[in-house]
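The values are calculated or read from the model by the stated rules, or taken from the named source; none is laboratory data. Note that this is a predicted model, so its numbers are computed, not measured. We place every Cβ from the backbone using ideal geometry, glycine too, and count neighbours over all the protein chains shown.
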Amino acid sequence: MVTLLEMSHAFVKDEDGQTLSEITPTMAALVQFLTMGNNGVRVYERKNYRDVKGRTIHEMSDGLSYTKDEGGRWTVLTL
């Protein structure tokens, strides 16, 4: 069985070798990065909300949720 954390590491690698945490911390950059990693099929934000820690959580159409870490870098939200 593959855990969410294991899936996220495989998924966040881009063709150019760029990782999720290396992209610009904007929604446009996140959408572009995820779309490229999804063979060009557009990934979009389904909804966003703030969690109890005050982080903005972005639920995306790829089935994963993303947020920014303390350094402002994108990361996959893991439970």
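Can you name the residue in segment 57-79 that is over 12 Å from the mean Cα position of the chain (by Cα) and without any contact (Cβ under 8 Å) to a residue 24 or more places away in the chain and is also nearest to T24 (Cα to Cα) among such residues? Filtering first and then ranking leaves G71. Among the candidates S65, S8, the residue that is modelled with pLDDT of 95 or more, crowded, with 16+ Cβ neighbours inside 10 Å and small (G, A, S) is uniquely S65. Do we have any residue at all in segment 31-44 that's in a loop (DSSP other than H, G, I, E, B) and of a type in the set (D, E, K, R)? Yes, segment 31-44 contains at least one residue that is in a loop (DSSP other than H, G, I, E, B) and of a type in the set (D, E, K, R). Here is a check on your reading of the model: is Q18 in a helix (DSSP H, G or I) and either more than 23 Å from L79 (Cα to Cα) or at pLDDT 95 or above (or both)? No; evaluated as a whole, the condition is false for this residue. Determine, yes or no, whether V2 is assigned to a loop (DSSP other than H, G, I, E, B), at pLDDT below 95, loosely packed, with under 13 Cβ neighbours inside 10 Å and of a type outside the set (S, T, Y). Yes; evaluated as a whole, the condition is true for this residue.
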